[in-house]
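Chemist: My questions will all concern the structure given below.
The values are calculated or read from the model by the stated rules, or taken from the named source; none is laboratory data. Here the structure is a predicted model, which is why all the values come from computation and not from measurement. Here Cβ is always computed from backbone atoms with ideal geometry, including for glycine, and neighbour counts include all displayed protein chains.
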Amino acid sequence: MQKKSVRHHYVPRLILKNFAVSDQIFVLTKNNSNVFKGNIQKVFSENRFNTIQDSVELENVYSKIETKIAPIISKIIKTGNISWFDNETKKNLLFFFDVQHGRTHSTRENIKKIAESIIDKNNDLLYESGQFPHSDELEQLMKENSAKKFSDVVKTKIDEDWIKAQTQFVMPEGLEKNKNFMLLKNPRENFYISDKCAIMRNLKDMSPYGNLGYAVPFVEMYMPLSPEYTLGIFDRLNMPYMKDGETIEISEENVIDLNYLQVVWAHRFIACKADDFTLANQILDENPDLRKGCAYSVNIT
């Protein structure tokens, strides 16, 4: 019987190997700028990271997804061309991006924050309604029991929704047809990759709605595939100037911008092929709060 792996990656080796030399990769520790050289079998991984609540095992699911996506990424890097993408390939890449976006410490911490915010808001409403006044010991006990039941329901529901998104395509139908895919080429071959490598941003203020989401207007999505190539996915309707299927050589300024995103969104680690983290250290020195990791802001009204 094959022994189950307990060492689970949050960035798959099929991508890490592209940043490595003889399976060795340079890694910067975000909180103290220590640099070490590690084997891709061990970096960006933890014991049982993809086992959720000691019962849901996602490692086998991720392995199947990676087996499907590996030849696509290999072809992208080998040819430097994505004009061959069809809608099925785009859908698979969107799913892979979504999985990687959620397969991180920061996303899991955000899930906890959302659950805690909903639970806290519910408790506040119970107090404000007068149903469970502080003065009555019995009613206080009832309130605590009610809050606990609500807490269990919320945590279970949010966990179930996250697990569903990690195991099946749950994006809006036809989303791949509304996206322009571009391959961004860096001739300097110095792209960073972080432990939260699938990044979304939006330079437009979409208030009062959220700025980030797969179907949100003007959203930009980036994922480094190698030191030379980053995959960019853009809103076709509102960003038609981002031409679908094109490979473009980007400027040094654009490279700095994309590396900046990897540094900002990294939870603990940033890696690159060469031992050159000058930009990362400059960003972290200028923004020391980033050394604590990227924190989400959650506001339930």
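Chemist: Mind listing just one residue for me: the one in the stretch 159-186 that is aromatic (Phe, Trp, Tyr) and at pLDDT below 90 and, of those, nearest to residue 57 (Cα to Cα)? Break it down into steps so the answer makes sense when it comes.
Modeler: The first filter runs over the stretch 159-186 and keeps only residues aromatic (Phe, Trp, Tyr), leaving 162, 169, 181.
When the remaining residues are screened for being at pLDDT below 90, the result is 162, 169.
Working: 162: 13, 169: 18 Å.
Selected residue: 162.
Chemist: What number of residues in the stretch 77-111 are crowded, with 17+ Cβ neighbours inside 10 Å and outside any helix (DSSP H, G or I)?
Modeler: 4
Chemist: Taking the condition of being more than 20 Å from the chain's Cα centre (by Cα), more than 28 Å from residue 250 (Cβ to Cβ) and of a type in the set (D, E, K, R), how many residues in the stretch 24-82 meet it?
Modeler: Of the residues in the stretch 24-82, 1 are more than 20 Å from the chain's Cα centre (by Cα), more than 28 Å from residue 250 (Cβ to Cβ) and of a type in the set (D, E, K, R).
Chemist: Hey, another quick one. Need pairs with beta-carbon distance below 7 Å; first residue over 10 Å from residue 12 (Cβ atoms) and among the hydrophobic types (A, V, I, L, M, F, W, C) and within the stretch 58-78, second modelled with pLDDT of 90 or more and part of a helix (DSSP H, G or I); sequence gap 6+ or separate chains.
Modeler: That search, which allows pairs on different chains as well, returns 72/89; 72/92; 72/93; 77/18.
Chemist: Among the residues of the stretch 13-27, is any exposed (fewer than 14 other Cβ atoms within 10 Å of the Cβ) and over 24 Å from residue 272 (Cβ atoms)?
Modeler: no
Chemist: Now for a separate question. Give the residues of the stretch 88-108 that are at pLDDT 90 or above and farther than 19 Å from residue 230 by Cα, sorted by residue number.
Modeler: 88
Chemist: Of everything in the stretch 247-279, what is in a helix (DSSP H, G or I), more than 19 Å from the chain's Cα centre (by Cα), closer than 16 Å to residue 33 by Cβ and of a type in the set (A, V, I, L, M, F, W, C)? Give them in sequence order.
Modeler: Taking the stretch 247-279 and keeping what is in a helix (DSSP H, G or I), we get 252-265, 278-279.
Narrowing further to those that are more than 19 Å from the chain's Cα centre (by Cα): 252-256, 278-279.
From the residues that got through so far, the ones that are closer than 16 Å to residue 33 by Cβ too are 278-279.
Once the filter is applied, which keeps residues that are in a helix (DSSP H, G or I), more than 19 Å from the chain's Cα centre (by Cα), closer than 16 Å to residue 33 by Cβ and of a type in the set (A, V, I, L, M, F, W, C), the stretch 247-279 yields only 279.
Chemist: Restricting the first residue to the stretch 230-252 and requiring it to be touching a residue at least 40 places away in the same chain (Cβ under 8 Å) and closer than 13 Å to residue 184 by Cβ, which pairs with a second residue that is among the hydroxyl-bearing types (Ser, Thr, Tyr) and assigned to a strand (DSSP E or B) meet a Cβ separation below 9 Å and a spacing of at least six or different chains?
Modeler: 230/222; 231/222; 232/222; 233/222; 247/229; 250/230
Chemist: Still on this structure, I have one more. What is the one condition in (1) among the charged types (D, E, K, R); (2) crowded, with 16+ Cβ neighbours inside 10 Å; (3) at pLDDT 80 or above; (4) under 30 Å from residue 30 (Cβ atoms) that residue 204 does not satisfy?
Modeler: (2)
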